[in-house]
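The values are calculated or read from the model by the stated rules, or taken from the named source; none is laboratory data. Computed from a predicted model, the values in this text were never measured in an experiment. Virtual Cβ from ideal backbone geometry, glycine too; neighbours counted across all protein chains shown. The accessibility values were calculated without ligands, DNA or RNA, using every heavy atom of the protein model including side chains. Shrake-Rupley method; radii C 1.70, N 1.55, O 1.52, S 1.80 Å.
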Amino acid sequence: AQSIADEDIFKFSFGGMQNCSDCNTLSTGANSNQNLYSNYQYLSPVVVQKGSNVPFAIEVGMCSQSSYPNRCAIYIDFNQNNSFADPGEQVYSSAASTNGAHTESGVITIPTTALNGLTGLRVINSEQGFAITDPCLVYPWGETEDYVINITNSAACSGTPVPGNTVINL
């Protein structure tokens with residue numbers, strides 16, 4: 001973002017991770033710039049399993065009295081090549097623009113092909129009416145936040161199946 005006015009990301013939650021900020025918050029992460037870019041990669045990464053469905057929510061708030069159409073997007077660097085531009089790495093995009101403060105939520109499925117380990121995640125809120133398609137977008141109003149998640153293998157099944165609970169559809 002290039003201007004500190006209008007919309008910012010006030011809360012981002014992803015699985016068991018939740019981070020709150022406001023118009024007066026400055027992240028202590030490298031290259032952070034208040035109301036423009038927040039580097040939260042120093043926070044403890046949430047652990048997510050391959051194949052799991054991870055709920056998320058993005059709460060957009062206002063840093064001025066003006067309200068304009070804005071959209072959100074989430075990118076995850078599944079192949080860990082330090083780029084969010086690869087196919088399949090945009091995991092969420094607003095269905096439509098919304099004026100002013102609002103919350104967007106949904107579920108993201110972690111692919112079974114994702115690499116294990118610490119993985120970058122980027123959240124963007126941009127004041128614009130059209131879809132966000134560039135993870136390195138330069139835009140006038142909004143905010144970008146970077147995080148790290150930890151992708152692990154799916155938990156192995158355990159226990160003994162209980163006979164008599166199988167249903168067969170013919």
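Computed values, structure above
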quantity	calculated
Pairwise FRET efficiency - Ser105 versus Ala131, Cβ, R0 = 25 Å, nearest 0.05	0.90
Carbon/sulfur fraction of accessible area - the range 1-119, other protein chains in place, 1.4 Å, %	48
Computed Rg/Rh of the range 36-105, alpha carbon atoms with Kirkwood Rh	1.00
Cysteines without a disulfide-compatible neighbour (Cβ-Cβ under 4.7 Å), the chain	Cys20, Cys72, Cys136, Cys157
The range 68-122: mean projected area of Cα convex hull, nm²	4.5
Nonlocal amide H pairs with Val46, under 5 Å, H built at 1.01 Å	Asn150
Amide H within-cut-off set for Gln128, under 5 Å, with H built and near neighbours excluded	Asn70, Arg71
Quarter of Cα convex hull surface for the chain, i.e. mean projection, nm²	12.5
Loop-located chymotrypsin sites (Phe, Trp or Tyr not before Pro) in the range 83-146 whose Cβ has at most 13 other Cβ within 10 Å (DSSP)	Phe130
Label-point separation, Ile4 to Ala156 (7 Å along Cα→Cβ), nm	5.4
The range 29-43-the range 50-94 distance, computed between alpha-carbon centres (Å)	16
Rounded accessible area per residue of the chain, 1.4 Å, Å²	52
